[in-house]
Amino acid sequence: MNYQTFFADRLDALKAEGNYRVFAELERRCGDFPHAANHGGGTTKPVTIWCSNDYLGMGQHPKVLTAMHEALDRCGAGAGGTRNISGTTHDHVLLEAELADLHGKEDALLFTSGYVSNWAALGTLAARIPDCLVLSDALNHASMIEGIRHSKADRVIWRHNDLADLEAKLAAQPLDRPKLIAFESVYSMDGDIAPIKEICDLADRYNAMTYLDEVHAVGLYGPRGGGIAEREGLMDRLTVIEGTLGKAFGVMGGYIAASADLCDFVRSFASGFIFTTAIPPAVAAGAAASIRHLKTSQVERAAHQAKVADLRARLDAQGIPHERNPSHIIPVMVGDPVKCKYISDLLLKDYGIYIQPINYPTVPKGTERLRITPSPVHSEADMDQLVTALGALWTQCELARMPLAAQ
Ligand SMILES: *Cc1c(COP(=O)(O)O)cnc(C)c1O
C-alpha cells in the first residue's frame, strides 16, 4: 500500500463532501475577548468570535488571572508527575473540595479534561461492575460513547430524551442487573435539555445508577452554577455528575462528583486517571477561583441569559431560522454542509466574524448548522454586526427565512 496516497485520497474525499475541518488560527487577546486576531492565510486580521465555549468570558476574569499568576509564581509551571507519583498538589486537593461542594457530593475527582473524565469514569464503572448494562442516550457526546465502548460492557442506545423508550429498555432487563443510565443535561449541538427528574425516577424504579454530563451547564445554571441539576434541585438524585473546567469556567480540566467510595473506586482503577500527568497547579488554582466566583456572583449568568434572549429576538426580526431550545446555545440551521462552510467562510472573510461550521459527523447529515454562543462580553455593536452579516448572507445564498407569522 502507498500510505501517503491513502491519506491524501481520504482527505480529498472529505473535502469533496464539504466535511473537511479547517481550524481558524486565533490569537486571543486578554481583556478584549470576544475580539481576537486571526492569523489565517499569511495575514493577521481582527475577528469577533461567536462560537466559543468560554460562555461567560471567565477565561479573562481578573480573579481567575490573579489566581493563576499567583500559583504560577508560587509553584512553577507543571505538576511534575501523575497524581499517583508526586503530581497531587495542594491546589488539586483544594479544587476537588470546591467541586464536591459545588455539586453537594461527598467527593470529586479531577481529570485532565472533560473528555478524559467521561472516557475514564464511564469506562471504569461499566467495565468493573459485573454484568453492567449501560443505557446511553442516542445523542451522547463522543467522549461518553468512547468510554462506554472501551469498557466492553453491554450497551443499549435509547432514543434521545425519550422516557418511554428508556423505560422499555430498562423494563426488558432483570431488576437486579446492574445498570448505568448515561446522559447529558444541555445537549451541546441542539441546546435541548434532558428531563432529569423523570430519568432519575426511572432509575429508582429500575434499580439503575445515573451518570449526568453537565459540561454545557456548569457555571451557567443553578444559583451557584452547579448546572441544571442544581437549578432543579436534583443533584442528590444523581449517582455521578460530570463537568468540565474548560467551558463556562474558562480554564481547562474535567471532573466527576459523586460519593466518596465511587470517586475512590474510579481513582483506584481508572487508567485514564492514574497514568497521566496532573494538570498544572496554576490551572487548578485558576479553575478553583472561577468556580468560587460563580458560586456567589449572579451577574455573569444574568447577563449571559439576557444576551441570548436579545440575539434570538434579533435573529427573529431578520427571519433567520434558529432552533427554539431552552438553553444558551443558538443553532442557526443551514442544512447543507457545503453552504454551511461557505457561509462560515464568507462571515470570516467579508465581515470578520468567526463561527465554525458544524457538519457531519458532529451532527447528522442534513442538519448542518452555525452554532452561535453569545456571551456577556459581546457588545450591542457586535450583535448588530452579526445580524446584519447573517441577513446579507441569507439573501446572497438564497436561504429560506422564517416567515414572521410563524415565529
Ligand atoms: C466538550 C464536551 C466534553 C469534553 O469536555 P472537555 O473539557 O472539552 O474535554 C464532554 N461532554 C460534552 C457534552 C462536551 O460538549
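Residues of region 335-355 that are surrounded by fewer than 22 Cβ atoms within 10 Å (Cβ to Cβ), in contact with a Cys (Cβ under 8 Å, 6 or more places away or on another chain) and modelled with pLDDT of 95 or more: TYR354 alone. When HIS160 is tested against (1) more than 16 Å from the ligand (Cβ to nearest atom); (2) open to solvent by 40 Å² or more (accessible area, probe 1.4 Å), exactly one condition is not met: (1). One residue stands out among those in region 200-257 that are surrounded by fewer than 24 Cβ atoms within 10 Å (Cβ to Cβ) and within 16 Å of the ligand (Cβ to nearest atom): the one that is farthest from HIS160 (Cα to Cα), which is MET252.
Conditions tested, residue by residue: (1) within 16 Å of the ligand (Cβ to nearest atom); (2) open to solvent by 50 Å² or more (accessible area, probe 1.4 Å); (3) within 16 Å of the chain's Cα centre (by Cα); (4) not hydrophobic (A, V, I, L, M, F, W, C).
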position: PHE111; (1), (2), (3), (4): yes, no, yes, no
position: ARG128; (1), (2), (3), (4): no, yes, no, yes
position: ALA142; (1), (2), (3), (4): yes, yes, yes, no
position: VAL156; (1), (2), (3), (4): no, no, no, no
position: GLN173; (1), (2), (3), (4): no, no, no, yes
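Checking each residue in region 258-294 for being open to solvent by less than 20 Å² (accessible area, probe 1.4 Å) and either among the basic types (Lys, Arg) or part of a strand (DSSP E or B) (or both) picks out only ALA258. Contact map, region 235-252: first residue more than 15 Å from CYS263 (Cα to Cα) and among the polar types (S, T, N, Q), second residue in a strand (DSSP E or B) and open to solvent by less than 10 Å² (accessible area, probe 1.4 Å), Cβ cut-off under 7 Å, separation 6 or more or different chains; pairs are THR244/GLY254.
Within region 36-79, the residues that satisfy the criterion of being open to solvent by 60 Å² or more (accessible area, probe 1.4 Å), touching a residue at least 60 places away in the same chain (Cβ under 8 Å) and not in a helix (DSSP H, G or I) are LYS45, PRO46, ALA77.
The values are calculated or read from the model by the stated rules, or taken from the named source; none is laboratory data. Everything numeric here is computed off the predicted structure, so don't read it as measured data. Using ideal geometry, Cβ is built from the backbone for each residue, glycine included, and neighbour counts are taken over all protein chains shown. For accessibility, only protein heavy atoms count, side chains too; no ligands or nucleic acids. Shrake-Rupley method; radii C 1.70, N 1.55, O 1.52, S 1.80 Å.
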